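One structure is given here, and the rest of the page talks about it.
The values are calculated or read from the model by the stated rules, or taken from the named source; none is laboratory data. Quantities reported herein were computed from a predicted structural model and do not represent experimental measurements. Cβ coordinates were reconstructed from backbone atoms using ideal geometry, including for glycine residues, and neighbour counts include every protein chain displayed. In case anyone asks, the SASA skips ligands and DNA or RNA and just uses the protein heavy atoms, side chains included. Shrake-Rupley method; radii C 1.70, N 1.55, O 1.52, S 1.80 Å.
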Amino acid sequence: MVELKNLLKEFTRLHDQFINDWNEAMFSGNTTSVEKMTDDYYVAFFKGTHDKPLIFSREEAVTGMRQSVRHFSGTNKKFENRVIRLRNSENAVVFYEQLIVRNEEVLARLFTIENWQLTNGKWMIVRETEEAIT
């Protein structure tokens, strides 16, 4: 139990850095530090309440992420109401409300679930679910 508690603290620090890296990417336009996805990563994106999700591969997601960062250049990405849970010593799930804000105006709001896995000593995102809230 103590080992998982320490691992949770370590993972939380890693995810805190991930958040900082995101804000740097939103400022600089360089997404390299947030491209922490496995080769078989995918994201399911829900746009409306009755729509089926759009599924994007790692390559498609990285391309879309880069376009989004260029589009929202100079904004802040906020990670609100974040909850981190460890499934076990090699898998973590992070839940949060993601806001993209410019001058206190919310431009986008998404509910996000990230599934992380410890692979070869490195935490990577294996899949993600995003749902537009606004």
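Among the residues of region 109-134, those that are in contact with a Leu (Cβ under 7 Å, 6 or more places away or on another chain) and under 17 Å from Phe46 (Cβ atoms) comprise Arg109, Glu130, Glu131, Ala132, Ile133. Are any residues in region 101-119 more than 12 Å from the chain's Cα centre (by Cα) and free of Cβ contacts under 8 Å to residues at least 60 places away in the same chain, and if so, which ones? Passing the criteria: Val101, Arg102, Asn103, Glu104, Glu105, Val106, Leu107, Ala108, Arg109, Leu118.
Residues that are out of contact with any Ser or Thr (no Cβ under 9 Å at 6 or more places or on another chain), at pLDDT below 90 and open to solvent by less than 20 Å² (accessible area, probe 1.4 Å): does region 35-42 have at least one? No, that holds for no residue. Looking at this structure, is Lys47 touching a residue at least 24 places away in the same chain (Cβ under 8 Å), open to solvent by 90 Å² or more (accessible area, probe 1.4 Å) and not β-branched (Val, Ile, Thr)? Yes, satisfied. Residues in region 63-79 that are open to solvent by less than 70 Å² (accessible area, probe 1.4 Å) and within 12 Å of the chain's Cα centre (by Cα): Met65, Lys77, Phe79. Here Phe11 passes the criteria (1) crowded, with 16+ Cβ neighbours inside 10 Å; (2) in contact with a Leu (Cβ under 9 Å, 6 or more places away or on another chain); (3) not in a helix (DSSP H, G or I) except the one numbered (3).
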